[in-house]
Amino acid sequence: MPQFICPVGTCQTENELHADVCVRCGIPLQGYKRLKFYPSHLFNTGLAKARDGQFRQARDFFAAVVLWYPMDVEARNALAMACFAQGDNNEAYQQWSIVLQQIPTNFTALHGLETLAKAQHDSPAEKTEGQIKTLPANQVQQKKKSSVMKNGRKKKIISLYTLIGWG
Ligand SMILES: [Zn+2]
């Protein structure tokens, strides 16, 4: 049975997931739960849209998560990938650049910028489709090793890699 830990620092009591108030300290839990789970809901909805090939909507959902949580690197990477999948390389570039300002070693963002640079070099006037799968196998290996994700999203974001041709 999943539990919801009371967010009050001195309490931290485990509650039933559907509890309205903490059994120990009585604090209302619904608002905290919404804050805790809503970004994941948006994120997962974005992934579902991406899976259906609806990258425009996917992009909106990921953008919403990023708006709420500017430090959510995973969501920002997903946003950049959705932009990239849509052919909006400028926005993808912006988003991956922000990720690297936050975490200079983030592999997804490094890989993304590298892919953009390569696409631009190979065919400056065209979209990047068809360029993506030409990456050396060792880079793909490296990417998989370094994609450490949290909140049970790992599998799903890897499926997003697959969607845009990185998997
Ligand atoms: Zn409590």
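As a proxy for reagent exposure, MET71, MET81, MET1 were ordered by neighbouring Cβ count within 10 angstrom, fewest first; the result is MET1, MET71, MET81. The simple spin-label model puts a point 7 Å past each Cα toward its Cβ; for HIS121 and CYS11 those points are separated by 5.6 nm. Among HIS41, HIS121, HIS111, the order by Cβ neighbours within 10 angstrom, fewest to most, reads HIS121, HIS41, HIS111. As a proxy for reagent exposure, ranking VAL21, VAL66 by other Cβ atoms within 10 Å from fewest up yields VAL21, VAL66.
Values in this text are rule-based calculations from the coordinates and carry no lab data. Here the structure is a predicted model, which means the values were calculated and not measured. Quick reminder, even Gly has a Cβ in these numbers, built from the backbone with ideal geometry, and neighbours come from all protein chains shown.
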